[in-house]
Amino acid sequence: MLEESVLYVPQGVPGEKSGQSTFGRALSVHSSQDRGTFRGAECSRHGAALTGIGYGERLFVASASKPLVNVYVWGKDAIDQRIPVLETLTCLALCHHPKGDDTSGPTHGLPKFRVPWLLAGGTASGRVYIWELASGDLVCVKDAHYQGLSVMKFSGCGTYLVTAGRDSRCIIWRTVDLVSLYDEGVNVKPYATFMDHTLPVTDLAISDDGCFNDAKVHTVSQDATLRVYDIRSKTLITTFVLPMGIESFARDPANRCCYVGLADASIRTIPFYKFNKNSNVLEGLGGCGRIITIEHDPNLEETFTHHRDDTGVVSKKLGSKPDASGENKVIVTQIQISLDGTFIISGDSLGRVFATDIITKQVVKAFAPSESSIAFLSTQTYDTEIFSSESQQRNDKKHRLLPQFKRALASNEPLDHEVLIEIPPQKKKDVSFESWLEQKANEELSYKNLTHIDSTVISTKQSSSNNETEHKASGVEEKLSRVSGAYQDLRQTHEKLLEEHKKLLESLNK
Amino acid sequence: MSLSMDIIIKELEDVPDSCVSLLESLHKQSLFFNEVSKSNIQHLISRTLKLVRHHDTYRKWFGINLIKVLASNYVILANEGKTFIKELVKILESFSTSWPSNILSSAIDCVEYIFERIRGKPTLTREIVTPNLPSVISSLMDKMVYNPTTIIPSLTLLMKNHPTTFRPFGNKLRSKLMELLNKDTFTSFPENLKSHICTAIASLPVVEKNEPEGKWFLDTAYLVSEITEVLMLYDQFLNFSLDSNLSDNLKRLAAMNQNTSEAPFEFSGLKIDLGNPATIYKISDRLETLLFLLKHFLTTETPFSVRVPLGKIILLCENICSVNPRFTTFRKDVFSDELRNVISGSIVRNQRNVLKLLIDITNCYQGFILPHSRSTIAFIETLLPLRNKKINYRDVLINESLMCLILESVSGILGLTSEFSSGEDISRFIELAILLIEPRDSISSNSQSNSSSTNVTGGKKQKGSRKKDNSSALSDLLSHQQLFSENVPSSTTSVVRNFFKIIIPRVEINLTQKHKIAKYLMAEAVLSSNKHKDKRIDRELEELLVTACLNPGKESTSLTPIVANIIRHNNCLSLLMNPRLPPLPQVVKGQISSEAVDYENNTSDVSEDENVEEYPNAESHGKRDSPYDKASDNADEPETKRQKIESEATNQASIPNSIDIHSHKDQSTIKNDAAEPAATVSTDYTRKTFSFTETGSAVDDSKNGYEVEKQVNVSTKVEPVSQRETHNSTLEEGDQSSSDIEIPDIDVGSDSDEE
């Protein structure tokens, strides 16, 4: 049965001892099922990465206060592995293996423990670290930004890494360039650098849904703009100007619109198409570097306000502490869209997470609130079978653990490149009953005589044996008659002799 | 249509006419065996067993297949599994060459099926599998020579699933497999048998009690060093000392097995005699075997994590490709052309095998290969047959299979990224691909070469006599030239097309090459459409044409019109030519007509409930303190209100002036629940949503007994463009007031905002 879950990790309460009261949670969107908790999971915003849901998958959480990456596995509350790193990481991004040419379809099945390809981490100093997870090799260290990184993401195909920071810049890197350790003389340069934002970039999304010519990067910033860049042409396509700073962003899966979390704790819908009443057709918005101003929405036609807490009632109820300025300002820190594009799942700085129906703008579910601001939020759809007892992972820590991350840049000698992985099974061809039956029909042919000639050898052994039996029987009969004849003769002789003996005795008595 | 159980049982009394119909009927009924009487089932089983025990081979074979079908029913398997397995083991043990081989294969298939059905079920495993497994394994190993293609994969499966039980048989199996591997004829075995043997050897570390991953690593390291040592034999023919990089690398790779005390694989010695050049092929034979085994070690599933020396393997591949007479000169004592040709031929075979390995590991290790991608493409490029900086067409045709492997391996690596940085790196490969698909006019080229040779050697007499000799043969060539053109092999075409499909979206191809590719695609498509019924073209060609249309690059002319003419009924192309926008989830607000306002008044209580029930920030509407207690309110909803809501829903459905942008029913996500009034006002094609402002005027809602500040907007939605006309006509025919509805723009700012 299919199920959709939301996983969220809080930011942690400043001043409290790490891991005492914070929990990452995985909860079903459509039912009350609790899919797991992760004790002590806390990170900076965008400071976690999830490989998937179910046994064999992992959650990476970069500790907000220590230079550590904590690894969680499904089915275990506590931290499974603590991996020390060189600096405290502010954001994480995970790169799965590139799918390759998929003309022949999937060729390999799932191994029990899946190891994605790369884990990238950004620091407050603006440095980017990339580790190869299967070897633990530090394959790249790059001073990417002038200020701290706020968010980084790999494109779905793994070809690009997009980093954005507090220096208002957004940089696109080619992943192969970053990890090309073994090619001498490769000077890693950004594929593209965008410096259009004027305040820190808070969130970004990459849309690479298929044809790479259409791949785009959406960045949002506290400067109240949403900017859309074309990756192939490295140009700014559209700028949406909003009434206030933007903290979070999510894109509709069908690219019809996007949702931005504004500084006043509202979520605003920005359509990518508009209906032209003059021409009576739907038209795409933006393009060619246009700037489009999104005006205030006093009638709340395009705005979701369920995160607002103007009166401070919810803040008090949840025991939220005011920020440095003494205000209890609520911001929407994370937004995700459900599989079918009908729910917004959003988390805020009060630790609340809601699932909201996009059409009716009503909250359909309020998830268990966290103790602190939501730092990471992810939705995943999966088959509930993966949580059944049979598919549980074996208790094999030796093979489950990832290699510790190296603290020095990996050697550029290809001979030293070793990866620790479970080799996945090759996909087998399913043999249907019909094909098996066809095979049996072919095999049966070898037993059938398809010619007009009946080549069955009629053995004469049977008749000869009959004759033999008869012969034997007659012999036996003959023998029997002979024996019986002899017996009769003997008996007659015996009787004669007995008679003579009797006569002799009588004569002697007389 | 299936036979009834009574008929099946009756048929089983004697030899049936055809087993297939009986097996099919039984298979169809196997799910419902529980409904069949016990006596019938017993009858069926006893007759099946009687068939299996029969001395007649046909009856025996049929009985085995009947067991497989019967075992698909769990109840029968649980009750009779033990008996079935015993009978099957008896057959396996008593199998001799006098029986048809399909009895053995059917019995193995049946045992595998029963074990697979039992796997994971502890009681049945304990009762049926565990006691019989050793006898199954030993009988399979004894009979391996009779049908290795079936038995070896079966043993591998048992080894993977029951490593502990298999442990005592591990060494025996290894020696038997090594015996096969060491045969001189191994390279000429069928591909699937070779694959089964190597998979079984690669799976053997599973049975190790301690550190199977360590054993796996040692085996792999040994193979790498063994390959290196065999490769170093070429040092006898080529001057490795001239390439210090190559000799250093080979020494480092050969040192990989220094730690191992005993060799995990024992290979027989190679006897190479330069006086008999054919023996040189033994080196490439051995390399082929070793590379094939290494490939299986690297790609066969392991139930544990293994340390894969990927860097070393890539380097090994590079070194094998570096052993090339083009870059390393022959030694002085290798002067005979014949010997040199044999050595070159042997090296080409090595290159072919190494590319096969490369293709497989790229497919398996994906991202881990990417850091090596540039160096890998660079050393693959050295395999191209260049002469005077151009690819030699003759050499390409001679080594066509190698060229195809080159393209396949490059495709595999390029396929791992969405964009490849520089087109120049692969322009040679594109050139190669174009050469491979060029029309091959073998006779004319031969005649050309003949004529050129005659010109060189040239006497007039010779020329005249040859012309006379060939005149009859050439007459056909002149009159029926089209019959003498050779087709490009379909395997080559497929590889080249796949290569094009990979590079077109990823690489910026130079215009000349792009035009050649486009020309080829057009010509092939037209030819293909002319050859086939309904003018359909090959699927891969169609995909390639669509890819070319979707990725036009910087070219000013478009392929789309031509492709559109050739391909009909292609969804992707249709979308390109008739661009559509996705149906929007966003409701487009409409002006409220008088009728709509009436409706709005009637439904005010509905929308109000909806808002109160669901809205999380209840304090902004003065109705709710917490968003967390929604369910209790739903339960408290009065029954009268629910009825009213439902009646309103029927009213709403009749409103003609609603236009919905969603053309499909299933896009509605509103639940059909009375507690959620939105559902009650939704219909198939007309959906209304209600939004509330926080600053509206106060309206006394006497029906509900409380006040709500609200402003109700009836939201209308817009049909997709294609359906607009239908709705317009509806509006015109309907009530005049309905035509007053205007569909305003989404509020996204005025034009003045544009800069």
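The values are calculated or read from the model by the stated rules, or taken from the named source; none is laboratory data. Computed from a prediction, not measured in an experiment: that's the story for all the values here. Every residue, glycine as well, gets a Cβ built from its backbone with ideal geometry; the counts of neighbours run over all protein chains shown.
Does B:GLN351 satisfy the criteria of being within 30 Å of B:THR279 (Cβ to Cβ) and assigned to a helix (DSSP H, G or I)? Before you say what the answer is, go through the steps one by one.
Details: within 30 Å of B:THR279 (Cβ to Cβ): yes; assigned to a helix (DSSP H, G or I): yes.
In short, yes.
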Practice prompt. Residue by residue through segment A:398-417, note down the ones that are part of a loop (DSSP other than H, G, I, E, B) and surrounded by fewer than 19 Cβ atoms within 10 Å (Cβ to Cβ).
Written response: A:LEU401, A:GLN404, A:LYS406, A:ARG407, A:ALA408, A:SER411, A:ASN412, A:GLU413
Worksheet item: From the residues in segment A:199-213 that are within 25 Å of the chain's Cα centre (by Cα) and either at pLDDT 85 or above or charged (D, E, K, R) (or both), which one is surrounded by the most Cβ atoms within 10 Å (Cβ to Cβ)?
Response: A:ASP203
Item to complete: Being farther than 13 Å from A:ILE171 by Cβ, within 13 Å of another protein chain (Cβ to nearest Cβ) and of a type in the set (D, E, K, R) is the filter here, so list the residues in segment A:189-213 that pass it.
Response: A:ASP208, A:ASP209
Worksheet item: Out of all the residues in segment B:185-197, is one or more closer than 20 Å to B:ALA263 by Cα and β-branched (Val, Ile, Thr)?
Response: yes
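Tell me, which helices (runs of 4 or more DSSP H) wholly within segment B:118-228 include 3 or more residues that are small (Gly, Ala, Ser) and more than 22 Å from B:THR300 (Cβ to Cβ)? Show your work before the answer.
Values: elements: B:130-142, B:148-161, B:163-166, B:170-181, B:191-203.
Of the helices (runs of 4 or more DSSP H) lying wholly inside segment B:118-228, those with at least 3 residues that are small (Gly, Ala, Ser) and more than 22 Å from B:THR300 (Cβ to Cβ) span B:130-142.
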Worksheet item: Out of all the residues in segment A:331-364, which are at the interface with another protein chain (Cβ under 9 Å from one of its Cβ atoms) and of a type outside the set (Val, Ile, Thr)?
Response: A:ASP340, A:GLY341, A:PHE343, A:ARG352, A:PHE354, A:ASP357, A:LYS361, A:GLN362
Fill in: In segment A:136-177, the residues that are closer than 15 Å to A:SER221 by Cα, under 28 Å from the mean Cα position of the chain (by Cα) and hydroxyl-bearing (Ser, Thr, Tyr)
A:SER150, A:THR163
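Give the residue, chosen from A:VAL176, A:VAL186, that is within 11 Å of chain B (Cβ to nearest Cβ), in contact with a helix residue (DSSP H, G or I) (Cβ under 6 Å, 6 or more places away or on another chain) and not acidic (Asp, Glu).
On the way: A:VAL186 fails: in contact with a helix residue (DSSP H, G or I) (Cβ under 6 Å, 6 or more places away or on another chain).
Among A:VAL176, A:VAL186, only A:VAL176 is within 11 Å of chain B (Cβ to nearest Cβ), in contact with a helix residue (DSSP H, G or I) (Cβ under 6 Å, 6 or more places away or on another chain) and not acidic (Asp, Glu).
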Item to complete: Name every residue in segment B:383-425 that is within 14 Å of chain A (Cβ to nearest Cβ) and touching a strand residue (DSSP E or B) at 6+ places or on another chain (Cβ under 9 Å), in order of residue number.
Response: B:THR417, B:SER418, B:GLU419, B:SER421
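I'm trying to understand the selection: among the residues of segment A:302-316, which are modelled with pLDDT under 85 and under 37 Å from the mean Cα position of the chain (by Cα)? Before the answer, list the steps.
The first filter runs over segment A:302-316 and keeps only residues modelled with pLDDT under 85, leaving A:308-316.
Matches in segment A:302-316: A:ARG308, A:ASP309, A:VAL314, A:SER315.
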Worksheet item: Filter segment A:272-299 for residues that are closer than 28 Å to A:GLY347 by Cα and without any contact (Cβ under 8 Å) to a residue 24 or more places away in the chain; which is farthest from the other protein chains (Cβ to nearest Cβ)?
Response: A:PHE272
Worksheet item: Only one of (1) in contact with a Ser or Thr (Cβ under 9 Å, 6 or more places away or on another chain); (2) at pLDDT below 90; (3) within 9 Å of chain B (Cβ to nearest Cβ); (4) more than 27 Å from B:CYS549 (Cα to Cα) is not met by A:ALA265, so which one is it?
Response: (3)
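Would you mention how many residues in segment B:73-117 are outside any helix (DSSP H, G or I) and either modelled with pLDDT of 90 or more or buried (at least 21 other Cβ atoms within 10 Å of the Cβ) (or both)? Write out each step before concluding.
Filtering segment B:73-117 down to residues outside any helix (DSSP H, G or I) leaves B:73, B:95-100.
Narrowing further to those that are either modelled with pLDDT of 90 or more or buried (at least 21 other Cβ atoms within 10 Å of the Cβ) (or both): B:73.
Matching residues across segment B:73-117 total 1.
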Item to complete: Inspect all residues belonging to segment A:178-198 and state whether any of them is under 22 Å from the mean Cα position of the chain (by Cα) and either touching a residue at least 40 places away in the same chain (Cβ under 8 Å) or crowded, with 18+ Cβ neighbours inside 10 Å (or both).
Response: no
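Any idea how many residues of segment B:387-434 are assigned to a helix (DSSP H, G or I), closer than 22 Å to A:SER155 by Cβ and aliphatic (A, V, I, L, M)?
Within segment B:387-434, residues that are assigned to a helix (DSSP H, G or I), closer than 22 Å to A:SER155 by Cβ and aliphatic (A, V, I, L, M) number 3.
Of the residues in segment B:309-343, how many are part of a helix (DSSP H, G or I) and within 23 Å of B:THR376 (Cβ to Cβ)?
Filtering segment B:309-343 down to residues part of a helix (DSSP H, G or I) leaves B:310-322, B:337-343.
If we keep only those that are within 23 Å of B:THR376 (Cβ to Cβ) too, we end up with B:310-322.
Residues flagged as part of a helix (DSSP H, G or I) and within 23 Å of B:THR376 (Cβ to Cβ) within segment B:309-343 amount to 13.
Being closer than 19 Å to A:ILE237 by Cβ and part of a strand (DSSP E or B) is the filter here, so list the residues in segment A:248-258 that pass it. Walk me through it before giving the result.
Taking segment A:248-258 as the starting set, the residues that turn out to be closer than 19 Å to A:ILE237 by Cβ are A:249-252, A:254-258.
Scanning segment A:248-258 gives A:PHE249, A:ALA250, A:ARG251, A:CYS257, A:CYS258.
Within 41 Å of the chain's Cα centre (by Cα), within 13 Å of chain A (Cβ to nearest Cβ) and at pLDDT 85 or above - does that describe any residue in segment B:50-58? Before the answer, list the steps.
Applying the first criterion (within 41 Å of the chain's Cα centre (by Cα)) to segment B:50-58 yields B:52, B:57-58.
Adding the requirement that they be within 13 Å of chain A (Cβ to nearest Cβ) leaves B:57-58.
Cutting the leftovers down to at pLDDT 85 or above gives us B:57-58.
Yes.
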Discussion item. Would you confirm whether or not segment B:258-267 contains a residue that is outside any helix (DSSP H, G or I), under 30 Å from B:ASP333 (Cα atoms) and within 36 Å of the chain's Cα centre (by Cα)?
Written reply: yes
